[in-house]
Amino acid sequence: MARIINPEALQGKYVNLREVTLDDAAFILKLRTDEKKSAFLHKTENNLQKQIDYLKRYFTLDNEWYFIIENKQHQPLGTIRIYDVKGKCYTGGSWLMIDEATPQESFEGDLLLKKYAYDILGFEESIFDVRKANKKVVRYHKICGAEIIDENDLDYIFRSTKEIYLKNKQHLVDMLG
């Protein structure tokens with residue numbers, strides 16, 4: 001699947017998604033190495049050159065989509081991405097937001113990613129993990145209709161589908177206000 005970026009599909013009421021650039025490396029690294037935020041992530045070494053190298057490798061791929069969530073003034077608020085693509089299934093993750101982001105901005109960033117994955121890219125399901133200790137995010141995904149299909153010591157493994165997304169989409173949009 002060729003990597004498609006369709007900016008018009010990435011516009012929301014509160015935020016937009018835009019593809020990452022090399023200039024975002026320091027912002028991403030700061031988010032991923034924040035002590036509080038990194039408690040629920042796979043560890044990232046605090047090395048700017050390695051982050052730049054990671055982004056350079058990303059740009060060679062045609063089956064991943066890495067976005068900056070930004071407000072309407074184009075200020076970066078967070079990150080989110082689509083990766084680990086297997087046929088019509090993807091993993092959504094790397095969803096991190098700065099502390100100053102509002103719940104609406106954070107929530108809409110995830111909704112825009114789902115819209116893009118299902119409506120534009122044509123995915124049918126998403127399998128992703130969430131740390132069990134990240135109770136707020138676990139609760140959020142349950143509200144969105146995702147179901148826990150497995151678990152290990154650290155994580156719940158969730159499954160969501162295009163059908164679940166379409167069924168709950170209007171309710172979730174209404175929650176944004």
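Only residues that are open to solvent by less than 40 Å² (accessible area, probe 1.4 Å) and of a type in the set (K, R): list them for segment 102-136, please.
Correct list: K114, R131.
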Count of segment 1-55 residues which are open to solvent by less than 70 Å² (accessible area, probe 1.4 Å), under 23 Å from V137 (Cα atoms) and among the acidic types (D, E): 1
Look at segment 125-140 and say how many of its residues are assigned to a strand (DSSP E or B) and either under 13 Å from S160 (Cβ atoms) or in contact with a Cys (Cβ under 7 Å, 6 or more places away or on another chain) (or both). 6
Check on R139, open to solvent by 20 Å² or more (accessible area, probe 1.4 Å) and touching a Phe, Trp or Tyr at 6+ places or on another chain (Cβ under 9 Å): no
Could you say whether any residue in segment 62-79 is open to solvent by 70 Å² or more (accessible area, probe 1.4 Å) and touching a Ser or Thr at 6+ places or on another chain (Cβ under 9 Å)? no
Just to be sure I understand, how many residues within segment 107-129 are within 19 Å of I5 (Cβ to Cβ) and over 12 Å from the mean Cα position of the chain (by Cα)? 6
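Got at least one residue in segment 152-160 being among the aliphatic types (A, V, I, L, M), open to solvent by 30 Å² or more (accessible area, probe 1.4 Å) and out of contact with any helix residue (DSSP H, G or I) (no Cβ under 9 Å at 6 or more places or on another chain)?
Among the residues of segment 152-160, at least one is among the aliphatic types (A, V, I, L, M), open to solvent by 30 Å² or more (accessible area, probe 1.4 Å) and out of contact with any helix residue (DSSP H, G or I) (no Cβ under 9 Å at 6 or more places or on another chain), which makes the answer yes.
The values are calculated or read from the model by the stated rules, or taken from the named source; none is laboratory data. Everything quoted here is computed from the prediction, not taken from an experiment. Quick reminder, even Gly has a Cβ in these numbers, built from the backbone with ideal geometry, and neighbours come from all protein chains shown. Quick note on the areas: whole protein, heavy atoms, side chains included, nothing else; ligands and nucleic acids left out. Shrake-Rupley method; radii C 1.70, N 1.55, O 1.52, S 1.80 Å.
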